[in-house]
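I have placed the structure first, in the form of structure tokens, so that the comments after it can refer back to it.
The values are calculated or read from the model by the stated rules, or taken from the named source; none is laboratory data. It should be emphasised that the depicted structure is a prediction, and the values quoted were computed from it without experimental measurement. Neighbour counts are summed over all protein chains in view; Cβ atoms, including those assigned to glycine, are modelled from backbone coordinates with ideal geometry. Just so you know, the surface numbers come from the protein's heavy atoms only, side chains and all, with ligands and any DNA or RNA stripped out. Shrake-Rupley method; radii C 1.70, N 1.55, O 1.52, S 1.80 Å.
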Amino acid sequence: YEQTVASANLTGDLVDMPAGPLSLATGVEYREEKATAVADPISKINGWWAANFKDFDGKYDVKEAYVEFGVPVLDKSVVGSLDFNVAGRFTDYSTSGSVETWKLGMVYRPVESLGLRVTRSRDIRAPNLQELYTPGVVANQIVNDPQTGTSGVRMTQTTSGNPDLDPESADEWLVGIVFQPTFLDGFQASVDYYDITIKDAIATSSSQFIIDRCYEGLTDFCSAITRDPVTQQITAVNLKPFNALEETTKGVDFELSYAQPLGGGDLNLRWMATYVDELEIVTPVTTI
């Protein structure tokens, strides 16, 4: 596995405003990911029951440019302090083209010990090398065939990558409160509500999932199934990832922390918890 990274970044204050300096962070980045692997002779002829890996060779590169502004609006006014954060990033993948991400944030402090924060963002996750370029890992599987009413069918499963995958995209809301009491130095408590929706998430199905969806009438899945022309028994299923899942989750994050010097070092205590109010995953109905 090889990774090549180059970046140039610039940070600083642009101008002085009544509530403080307008700050800037900007830069460009380049990254290349490359992986190669050589399979053993038995795997090359599918000699193992499972995990018949094949020679692997894949790479992609990504170019990025970003800019971020910190905008102070109020500073220790009679109604508190207020700061905005605005950021944008342009990303170009050699495999799937360009995509834009962004973030809008606000932090309001009515008093010194209490902060209210809101963030709205668009985020992405690009497919990794395995999701793009897996060359066809062969394994034996036991499945049930609802079309013929046969159970315990032994067949060959081939798992491969999909070089046509696009990045996943997520829309996120975050609303939180932070408490840092002046009477207890080093203590902080925060509560954050999150609402995240992921579109075009990369789905990797099982052989049984594909067989069942085909039987239910979703014909897109049937093209991944090979049957014996005489007996109509399933002999092989080809699996590859595709952009089809939709995921939604909502909940609340809790965090307590306390830090103090102790002897010749530091004492750090931290407690974190999450309450998931909603988690919905919509399974794919197409393989396109």
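Considering each of ASP212, ASP228 in turn, give the residue that is more than 30 Å from the chain's Cα centre (by Cα), among the acidic types (Asp, Glu) and under 30 Å from THR134 (Cβ atoms).
On the way: ASP212 fails: more than 30 Å from the chain's Cα centre (by Cα).
Just a single option satisfies the conditions, and that option is ASP228.
Can you name every residue in the stretch 115-136 that is open to solvent by less than 50 Å² (accessible area, probe 1.4 Å) and closer than 30 Å to PHE187 by Cα?
Once the filter is applied, which keeps residues that are open to solvent by less than 50 Å² (accessible area, probe 1.4 Å) and closer than 30 Å to PHE187 by Cα, the stretch 115-136 yields GLY115, VAL118, THR119, SER121.
Tell me, please, whether a residue that is over 29 Å from the mean Cα position of the chain (by Cα) and aliphatic (A, V, I, L, M) can be found in the stretch 85-94.
First pass over the stretch 85-94, keeping only residues over 29 Å from the mean Cα position of the chain (by Cα): none.
Within the stretch 85-94, none of the residues are over 29 Å from the mean Cα position of the chain (by Cα) and aliphatic (A, V, I, L, M).
Looking at (1) farther than 30 Å from VAL118 by Cβ; (2) surrounded by fewer than 16 Cβ atoms within 10 Å (Cβ to Cβ); (3) of a type in the set (S, T, N, Q), which is the only condition THR11 fails?
(1)
Pairs under 6 Å by beta carbon, first residue in contact (Cβ under 8 Å) with a residue 12 or more places away in the chain in the stretch 77-91, partner exposed (fewer than 14 other Cβ atoms within 10 Å of the Cβ) and not aliphatic (A, V, I, L, M), six or more apart or different chains?
Cβ pairs passing all conditions: GLY80/PRO110; PHE90/GLU100.
Would you mind telling me which numbered condition in (1) over 24 Å from the mean Cα position of the chain (by Cα); (2) open to solvent by 60 Å² or more (accessible area, probe 1.4 Å); (3) at pLDDT below 90 ALA139 fails?
Single failed check for ALA139: (2).
With the structure loaded, tell me whether ILE202 is closer than 30 Å to ASP61 by Cβ, in contact with a Pro (Cβ under 9 Å, 6 or more places away or on another chain) and in a strand (DSSP E or B) or whether it fails that test. Write out each step before concluding.
Working: closer than 30 Å to ASP61 by Cβ: yes; in contact with a Pro (Cβ under 9 Å, 6 or more places away or on another chain): yes; in a strand (DSSP E or B): yes.
Yes; evaluated as a whole, the condition is true for this residue.
Six or more apart or on different chains, Cβ under 9 Å: which pairs go from a residue in the stretch 130-151 that's under 13 Å from LEU239 (Cβ atoms) to one that's part of a helix (DSSP H, G or I) and open to solvent by 30 Å² or more (accessible area, probe 1.4 Å)? Could you list them?
From residues that are under 13 Å from LEU239 (Cβ atoms), the pairs are GLN141/GLN208; VAL143/GLN208.
Looking at the stretch 30-80 only, could you name the residues that are closer than 30 Å to ASP92 by Cβ, open to solvent by less than 50 Å² (accessible area, probe 1.4 Å) and in contact with a Gly (Cβ under 8 Å, 6 or more places away or on another chain)?
Once the filter is applied, which keeps residues that are closer than 30 Å to ASP92 by Cβ, open to solvent by less than 50 Å² (accessible area, probe 1.4 Å) and in contact with a Gly (Cβ under 8 Å, 6 or more places away or on another chain), the stretch 30-80 yields ALA35, LYS54, GLY58, ALA65, TYR66.
Pull up the stretch 246-267, narrow it to residues that are touching a Lys or Arg at 6+ places or on another chain (Cβ under 9 Å) and closer than 30 Å to THR197 by Cβ, then point me to the one that is least open to solvent (accessible area, probe 1.4 Å).
Going through the qualifying residues, I end up with SER257.
Given (1) open to solvent by less than 40 Å² (accessible area, probe 1.4 Å); (2) of a type outside the set (S, T, N, Q); (3) at pLDDT 95 or above; (4) farther than 25 Å from THR248 by Cα, where does GLY105 come up short, assuming only one miss?
For GLY105, the failing item is (4).
Out of (1) modelled with pLDDT under 95; (2) open to solvent by 70 Å² or more (accessible area, probe 1.4 Å), the odd one out for ASN243 is which?
(2)
Can you name the residue in the stretch 1-33 that is hydroxyl-bearing (Ser, Thr, Tyr) and without any contact (Cβ under 8 Å) to a residue 24 or more places away in the chain and is also farthest from GLN130 (Cα to Cα) among such residues?
Filtering the stretch 1-33 for residues that are hydroxyl-bearing (Ser, Thr, Tyr) and without any contact (Cβ under 8 Å) to a residue 24 or more places away in the chain, the one farthest from GLN130 (Cα to Cα) comes out as THR11.
Can you tell me which residues in the stretch 16-34 are modelled with pLDDT under 95 and of a type in the set (A, V, I, L, M, F, W, C)?
Across the stretch 16-34, the qualifying residues are MET17, ALA19.
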